[in-house]
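The values are calculated or read from the model by the stated rules, or taken from the named source; none is laboratory data. Every value quoted in this text rests on a predicted model; they were computed, and no experiment measured them. Reconstructed Cβ throughout: ideal geometry from the backbone, glycine too, with neighbour counts over all protein chains shown.
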Amino acid sequence: MSTSATTAATAAQPTPPTVAPAAAVGRPANAAGAASSAAWSTAPLRWAGQWIAPEAPAPTGLLIGGAHGANPPPFSRSMFRRTFELTRVPAQAPARLSADARYVLWVNGVEVGRGPARSQPARQRYDSYDLAAHLRAGTNVVAVLVTYYGKATSFWQPAAEGASTDARLVLEADLDGEQLTSDDSWRTLRCSAYSLPTAAGGPMEGVPVEVCDARRLPEGWREVGFDDASWAPAAIVATSHIGGLAQTRPPAHPFGAQEASSNP
């Protein structure tokens, strides 16, 4: 497996060690299979997974906080895939992930969970799961659909202007001592099947309703046998803040230290 951001005030750190599985990860906390935040209480602050996106953002230099202006980035949904091999299924496979703005996670075609909860970007939430029940010996695939809303809604707060203008994903999983991490080995495709329900200012603006043209969805893209050879490699996203030291792993501007979601 490939091992693949720090705040503006800290220096770059070396790649973290393999994340040790925690006993609590094996206890799903809700119907989606999310594990208690305590499962990752011993995980290092510096993630092994890197922030990835469908395209590399244009460099912007020093960023000053503020809301998106009159021309916010467009709404989009992007698909990410990573295929990998396992000689055997581990007893536990603790994983954590986050996205800007929302994700849906599948393993071998089975939905595992979705999130993260609405949060202030500097304290971006992440979710923890045990993937073991969804894995198999041989070829496996992790698939993630990431939604980027473009402008602020009642359920999503964007990062400071210009700091995050596209779908972003960060994921890491411990597969019996080997790491699966988000990096440029992932394949990605911007999905044209989804659109917003109405024009700006319409009665449905800000309501979490989606329009999906299923004819535009790649059939079977969440399954192992799907051919993603024509998809582009994911772009690794480094913080563009002048003091961010080009970090690609959380914590990194504009999302800061990731905070575990509280699951009942």
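List of remarks:
- Matching residues in region 83-119 - criterion: being in contact with a Pro (Cβ under 6 Å, 6 or more places away or on another chain) and on the phi > 0 side of the Ramachandran plot: none
- Candidate set: region 208-264, residues that are in a strand (DSSP E or B) and in contact with a helix residue (DSSP H, G or I) (Cβ under 6 Å, 6 or more places away or on another chain); chosen: the one modelled with the lowest pLDDT: Gly256
- Test: Phe75 is modelled with pLDDT of 95 or more, under 28 Å from Ala193 (Cα atoms), surrounded by fewer than 19 Cβ atoms within 10 Å (Cβ to Cβ) and out of contact with any helix residue (DSSP H, G or I) (no Cβ under 8 Å at 6 or more places or on another chain): no
- Of all residues in region 124-143 being under 15 Å from the mean Cα position of the chain (by Cα) and of a type outside the set (Val, Ile, Thr), the one that is modelled with the lowest pLDDT: Gln124
- Picking from residues in region 144-167 that are out of contact with any helix residue (DSSP H, G or I) (no Cβ under 7 Å at 6 or more places or on another chain), over 15 Å from Pro74 (Cβ atoms) and buried (at least 19 other Cβ atoms within 10 Å of the Cβ), the one that is modelled with the lowest pLDDT is Ala163.
- The condition of being buried (at least 20 other Cβ atoms within 10 Å of the Cβ) and in a strand (DSSP E or B) holds for Leu171.
- Counted residues, region 220-237 - those being surrounded by fewer than 14 Cβ atoms within 10 Å (Cβ to Cβ) and touching a Phe, Trp or Tyr at 6+ places or on another chain (Cβ under 8 Å): 2
- The criterion of being surrounded by fewer than 17 Cβ atoms within 10 Å (Cβ to Cβ), modelled with pLDDT under 80 and not in a strand (DSSP E or B) holds for Glu205.
- Region 90-122, subset crowded, with 24+ Cβ neighbours inside 10 Å and among the charged types (D, E, K, R), residue modelled with the highest pLDDT: Arg96
Matching residues to (1) closer than 18 Å to Glu259 by Cα; (2) assigned to a strand (DSSP E or B):
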residue: Pro74; (1), (2): no, no
residue: Phe84; (1), (2): no, yes
residue: Arg88; (1), (2): no, no
residue: Ala133; (1), (2): no, no
residue: Val144; (1), (2): no, yes
residue: Pro158; (1), (2): yes, no
residue: Ala163; (1), (2): no, no
residue: Gln179; (1), (2): no, yes
residue: Ser185; (1), (2): no, no
